[in-house]
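Here is the structure we will look at.
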Amino acid sequence: MKNTFVLICFLLMVGLAFGQHKKENTIFKNTDGVKMKYAYNLPKNYAKNKEYHVLIAPGGGTADDSNDFLFWGRNTANYDWILIETNATIRPNNMKTLKAFFDHLKQQFKPKGNKFHIMGFSANSAGAFKTVLNLPEYFHSITGVPGHPRTANKRELIKLKNIKVNFIVGEHDGYWLNSAKRFNTTLKELGVEVKLQIVKGGGHVLKEIIGDRFMKFMEWLK
């Protein structure tokens, strides 16, 4: 019993040292019985009635660290964002189900402007862009780290007109860099507010921007 108590105290101190304010997981179940897992991180001095920028990213949707979204780092409480990990947008369910999920998140948190930010990494960015193109009214922005749309149809891409598009890609990440450059040009021609941020010396998995540097890349979206 004493050893258990000591272990618990140690884990709590480790969590505080890394700046983790709160990370909890839960399951949303819609009226059709479809379940979606998500985990969330709250900022320091979180106030339930205050509006925050809410960023949705791919992850295991659980409070353990096994499938964390890499770029959060360990000091999530230091950012004035609510950070949500979920597998719901990796391979999107039908849009009716996702709408119910996002409406649930709006009730749980208070996203600024009643809209979210969303992002994807590499292949799972396809799901993020598909979600935004089908439900643009739910989003302020979309970010690929790296990532890009999977359609070149301008009648589809024009749906991003009122959404900021953020491309973050490594200097040496050939295919993804070329794709980001191509879509950066196309979206600008369509009047979309877009930014291409190239990480000098970076490859595909941009470990060098984990944590504070990653969140600085996201400041443009506010």
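The values are calculated or read from the model by the stated rules, or taken from the named source; none is laboratory data. Predicted model, so just to flag it, every value in this text is computed and none were measured. Methodologically, a virtual Cβ is constructed for each residue, glycine included, from the backbone with ideal geometry; neighbour enumeration extends over all protein chains shown. Please note that ligands, DNA and RNA were not included when accessible areas were found on the heavy atoms of the full protein model with its side chains. Shrake-Rupley method; radii C 1.70, N 1.55, O 1.52, S 1.80 Å.
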Original post:
What residues qualify as long-range amide H neighbours of Lys110, i.e. H under 5 Å apart, gap of 5 or more or another chain, H built at 1.01 Å from N?
Top reply: Tyr52
**OP:** May I ask for the net charge around Lys188, where only other residues with Cβ less than 13 Å from the Cβ of Lys188 are counted and Lys, Arg are +1 while Asp, Glu are -1?
**Re:** +4
Original post:
Where the accessible area of the stretch 120-198 is counted over protein heavy atoms with a 1.4 Å probe, how much of it, in %, is carbon and sulfur?
Top reply: 49
Original post:
Which order do peptides 187-198, 135-146 fall in by mean Cβ count within 10 Å, highest first?
Top reply: 135-146, 187-198
Original post:
What share of all Cα pairs of the stretch 62-167, in percent, falls into each consecutive 5 Å distance bin?
Top reply: 2, 11, 22, 25, 23, 11, 4, 1, 0
**OP:** Evaluate Rg over Rh across the stretch 111-174, taking Cα atoms for both radii and Kirkwood's formula for Rh.
**Re:** 0.97
Subject >> Of all DSSP beta bridges in the chain, antiparallel share, percent nearest 5 >> reply: 30
Original post:
Based on the alpha-carbon gyration tensor of the stretch 156-222 and its eigenvalue square roots a ≥ b ≥ c, which shape applies: rounded if a/c is under 1.5, prolate if not and a/b is larger than b/c, or oblate?
Top reply: oblate
**OP:** With +1 on each Lys and Arg Cβ and -1 on each Asp and Glu Cβ, and nothing else charged, work out how big the dipole of the chain is about its Cα centre, in Debye to the nearest 20.
**Re:** 500
**OP:** May I ask you to evaluate 6.51 cos²θ - 1.76 cosθ + 1.60, the Karplus curve with θ = phi - 60°, for each residue of the stretch 215-222 and list the ³J(HN,Hα) values in order in whole Hz, giving x for glycine and proline?
**Re:** 5, 5, 4, 8, 4, 4, 7, 6
Subject >> Dmax and Rg, reported as Rg then Dmax, of the chain (C-alpha, Å) >> reply: 17.9, 66
**OP:** Among the listed pairs Lys110/Lys195; Lys37/Lys200; Lys48/Lys181; Lys37/Lys161; Lys159/Lys207; Lys35/Lys216, give every one whose C-alpha distance is greater than 28 Å.
**Re:** Lys37/Lys200; Lys48/Lys181; Lys37/Lys161; Lys159/Lys207; Lys35/Lys216
